[in-house]
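A.B. asks: If you scroll down you'll find the structure; I have some questions about it.
The values are calculated or read from the model by the stated rules, or taken from the named source; none is laboratory data. Given the structure is predicted, the values throughout are model-derived calculations rather than measurements. Every residue, glycine as well, gets a Cβ built from its backbone with ideal geometry; the counts of neighbours run over all protein chains shown. For the accessible areas, the whole protein counts, side chains as well, though only heavy atoms, and no ligand, DNA or RNA atoms are used. Shrake-Rupley method; radii C 1.70, N 1.55, O 1.52, S 1.80 Å.
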Amino acid sequence: MHASSGTDDSDASIQDGTHSVSWTPMLVIVLAQIMMIFNISTLQVSMEAIARSLGTAATTLGTAIVTYALVVAALILPGARVAQLIGSRRVFRASVGLFGIGMIVMAASFDVTLMIVAQVIAGMAAAMLVPTLVVLVADNYRGQQQAKALGWLGGAPAMGIVLAFLLAGTLTGWVGWRAMFGVLAALAIALLQFSNKLSAERKPSHVDIDWIGAALAGTAVVLISLGTSNLSSWGTLLARPDAPFSVLDLSPAPLMVLIGVFLLQAFISWSRRRRERGQDSLVALEVVAGTSERAAMFSIFIVSALASAITFLIPLYIQVVQGRGSFETALSVIPFSVASFIAAVMVVRLKGLLSPAHIGRYSFLLVTLGLALLGATIRNDWSHSMVIFGMAVAGFGEGALVTLLFNVLVTASPRELAADVGSVRGITNNLATAVGTALAATLLISLLERSVHYELVHTAELPDEVTAQVDLDSISFISNARLERVLANTDATPGQVAEAVRINTEARLLALKATFFTLAGCALLAFFPAGALPGYVRDPAGRGAASAKDEPHHPTASSPA
């Protein structure tokens, strides 16, 4: 992969990152990352069209999205070990090919069952591909080039979501939803053709896959993801009517989270015992053994949870409060996603000026400021400049953190642990996405319920005879048009309907604003933990310099992975 004259000086220059190599491998890696993002984003933006085509409810398609996420979460750790067994380039080809098959099945789906099968196939492929992409970056780039490559890889999701929403929305309207999945299948074939541009230096190695650890970790992640995702619909403590079952009238959601956390602790304990006996563990716990690495993992969890909450709340605001469509929803997240992508790519330039600890703290302050601005300025008019500015500020902070924290983990571990870094990051992101979305949804619904019940108690314009005809035990975030349709089936007079619409409008906005302020508080709480990130400043060659407060835990940290 690298040009070499065979001299020690040449080898040293390559290791220090002063010898630039082609960016073609990075293009292949980023396109593979975007391919996975397009899959789920297409399902989200084309949900109504797909449901109409298959003759099912749009909510039923959510099962396909959940299935994909759970398969990835459950198999990502053993997927990283498979990459070690057969080699990074081989597993890239195998997973991209498998993903392409899943997309072909998606395009040909004639019912929901076949669509779920397609997402299982795609999830299995993604579970191997996610950690492998990190390995490929480590194999193909060194020094400053590697830092830039990680920035592109970290920023790819932000731009991928925007492109997916815009492209999928356009193709769905002009050609049909199957066309987008056909494009993804074609992209998979193209990536297979260009996979020979990737380095093949990572040779297969023998490793014993810890299947007991895989079962513990997979079950834990699935339970935590399912539990947190259904906190609002199943109940945060007592079981709601939508809960599939109850235990002594308690909701199964918090019980799933509790059992999942217990199994996660059991997995960590089991992995330590295997390492003490000299056996291979499913993941090398050394990647999070140091204070800096644990701070990085905690920060990744927080910022990923906050990002998922933002990308959940803004589309909800656009579609429900403003009654806009999928294309307008895609446009609404552009300020956040574009700012995130720019910061993810540009933050590498700050590493020679500020330490990761300083960048991390300043970035969390930006996220806090952005969320607070959203809470303070959000109205029923999306074009409000301060709302857009708040989105951009939060996006800059989030994008900078994504690349910074990724770099801290990768550079703090030996190159042979790159797959472990990728898998741990993948699981953390998956859990954070579930927790962030669940936190936002639970806060929103709880605040909405409290506000609505308060208004109903203190208004005389909606008598008990009318409110008794509406299910107030399952208040949800709905549009005014939908509320009017519900009230049309009651004895409410036009004046009472207008009052109910007023209450709904004000309660929704209050719940949104309060939720954004709460999320801003969560971002602020991460300010001091981010100070545990490395305190060193790197020189242009990528080596640690000066201020050696809390240098990376691993002895190889001074040389980028």
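A.B. asks: Take residue 116 and decide whether it is at negative phi and open to solvent by 60 Å² or more (accessible area, probe 1.4 Å).
C.D. replies: No, not satisfied.
A.B. asks: With (1) open to solvent by less than 30 Å² (accessible area, probe 1.4 Å); (2) touching a residue at least 24 places away in the same chain (Cβ under 8 Å); (3) over 28 Å from residue 132 (Cβ atoms) as the list, and residue 283 as the residue in question, which single condition is left unmet?
C.D. replies: (3)
A.B. asks: Scan region 48-60 for residues that are modelled with pLDDT of 70 or more, open to solvent by less than 60 Å² (accessible area, probe 1.4 Å) and out of contact with any Phe, Trp or Tyr (no Cβ under 8 Å at 6 or more places or on another chain) and report the count. Walk me through how you get there before you give the answer.
C.D. replies: Taking region 48-60 as the starting set, the residues that turn out to be modelled with pLDDT of 70 or more are 49-56.
Retained after the next criterion (residues that are open to solvent by less than 60 Å² (accessible area, probe 1.4 Å)): 49-51, 54, 56.
Subsequent filtering for residues that are out of contact with any Phe, Trp or Tyr (no Cβ under 8 Å at 6 or more places or on another chain) retains 51, 56.
The qualifying residues number 2.
So that you can scan it fast, the table gives a plain yes or no per residue for (1) open to solvent by less than 10 Å² (accessible area, probe 1.4 Å); (2) closer than 17 Å to residue 181 by Cα; (3) touching a His at 6+ places or on another chain (Cβ under 8 Å); (4) not aliphatic (A, V, I, L, M):
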site	(1), (2), (3), (4)
91	yes, no, no, no
99	yes, yes, no, yes
111	no, yes, no, yes
125	yes, yes, no, no
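A.B. asks: Condition test on residue 484, is it modelled with pLDDT under 75 and either crowded, with 17+ Cβ neighbours inside 10 Å or closer than 15 Å to residue 321 by Cα (or both)?
C.D. replies: Taking the combined requirement at face value, the residue satisfies it.
A.B. asks: Residue 21 fails exactly one of the following numbered conditions: (1) part of a helix (DSSP H, G or I); (2) modelled with pLDDT of 75 or more; (3) open to solvent by less than 60 Å² (accessible area, probe 1.4 Å). What is the number of that condition?
C.D. replies: (1)
A.B. asks: Suppose we filter region 119-146 for residues that are among the small types (Gly, Ala, Ser) and without any contact (Cβ under 8 Å) to a residue 40 or more places away in the chain; how many remain?
C.D. replies: So the count comes out to 1.
A.B. asks: Report, by residue number, each residue of region 516-529 that is aliphatic (A, V, I, L, M) and either more than 20 Å from the chain's Cα centre (by Cα) or open to solvent by 40 Å² or more (accessible area, probe 1.4 Å) (or both).
C.D. replies: Selection gives 524, 525.
A.B. asks: For the structure I just gave you, tell me whether residue 261 is assigned to a helix (DSSP H, G or I), under 26 Å from residue 84 (Cβ atoms), in contact (Cβ under 8 Å) with a residue 40 or more places away in the chain and of a type outside the set (S, T, N, Q).
C.D. replies: Spelling it out, it is not the case that residue 261 is assigned to a helix (DSSP H, G or I), under 26 Å from residue 84 (Cβ atoms), in contact (Cβ under 8 Å) with a residue 40 or more places away in the chain and of a type outside the set (S, T, N, Q).
A.B. asks: Against the definition (in a helix (DSSP H, G or I) and among the charged types (D, E, K, R)), how does residue 240 come out, yes or no?
C.D. replies: No, not satisfied.
A.B. asks: Give the residue that is nearest to residue 321 (Cα to Cα), with candidates limited to residues of region 492-539 that are not aliphatic (A, V, I, L, M) and not in a helix (DSSP H, G or I).
C.D. replies: Going through the qualifying residues, I end up with 493.
A.B. asks: Here is a further query. Is at least one residue of region 381-395 touching a Lys or Arg at 6+ places or on another chain (Cβ under 9 Å) and surrounded by fewer than 24 Cβ atoms within 10 Å (Cβ to Cβ)?
C.D. replies: yes
A.B. asks: Can we say residue 446 is open to solvent by 30 Å² or more (accessible area, probe 1.4 Å) and either out of contact with any His (no Cβ under 8 Å at 6 or more places or on another chain) or in contact (Cβ under 8 Å) with a residue 60 or more places away in the chain (or both)?
C.D. replies: Working: open to solvent by 30 Å² or more (accessible area, probe 1.4 Å): yes; either out of contact with any His (no Cβ under 8 Å at 6 or more places or on another chain) or in contact (Cβ under 8 Å) with a residue 60 or more places away in the chain (or both): yes.
Criteria met by residue 446.
A.B. asks: Now, a different point. Could you list all residues from region 262-284 that are under 17 Å from residue 218 (Cβ atoms) and among the hydrophobic types (A, V, I, L, M, F, W, C)?
C.D. replies: Listed by number, the residues that qualify are 262, 263, 264, 266, 267, 268, 270, 282, 283.
Let's see how each residue does on (1) surrounded by 23 or more Cβ atoms within 10 Å (Cβ to Cβ); (2) under 30 Å from residue 135 (Cβ atoms); (3) free of Cβ contacts under 8 Å to residues at least 24 places away in the same chain:
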site: 237; (1), (2), (3): no, no, yes
site: 270; (1), (2), (3): no, yes, no
site: 277; (1), (2), (3): no, yes, yes
site: 296; (1), (2), (3): yes, yes, no
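A.B. asks: May I pose another question? Among the residues in region 218-229, are any at pLDDT below 75 and over 18 Å from the mean Cα position of the chain (by Cα)?
C.D. replies: The answer is no, given that none of the residues of region 218-229 is at pLDDT below 75 and over 18 Å from the mean Cα position of the chain (by Cα).
A.B. asks: Considering only region 336-346, state which residues are open to solvent by less than 30 Å² (accessible area, probe 1.4 Å) and either at pLDDT 85 or above or under 12 Å from residue 394 (Cα atoms) (or both).
C.D. replies: Result: 336, 337, 339, 340, 343.
A.B. asks: Out of region 244-263, which residues are among the hydrophobic types (A, V, I, L, M, F, W, C) and open to solvent by 50 Å² or more (accessible area, probe 1.4 Å)?
C.D. replies: If the condition is that a residue be among the hydrophobic types (A, V, I, L, M, F, W, C) and open to solvent by 50 Å² or more (accessible area, probe 1.4 Å), then 245, 247, 248, 250, 255, 258, 259, 261, 262 are the ones that fit.
A.B. asks: Pairs under 8 Å by beta carbon, first residue closer than 28 Å to residue 90 by Cα in region 170-199, partner part of a loop (DSSP other than H, G, I, E, B) and open to solvent by less than 10 Å² (accessible area, probe 1.4 Å), six or more apart or different chains?
C.D. replies: Cβ pairs passing all conditions: 180/46.
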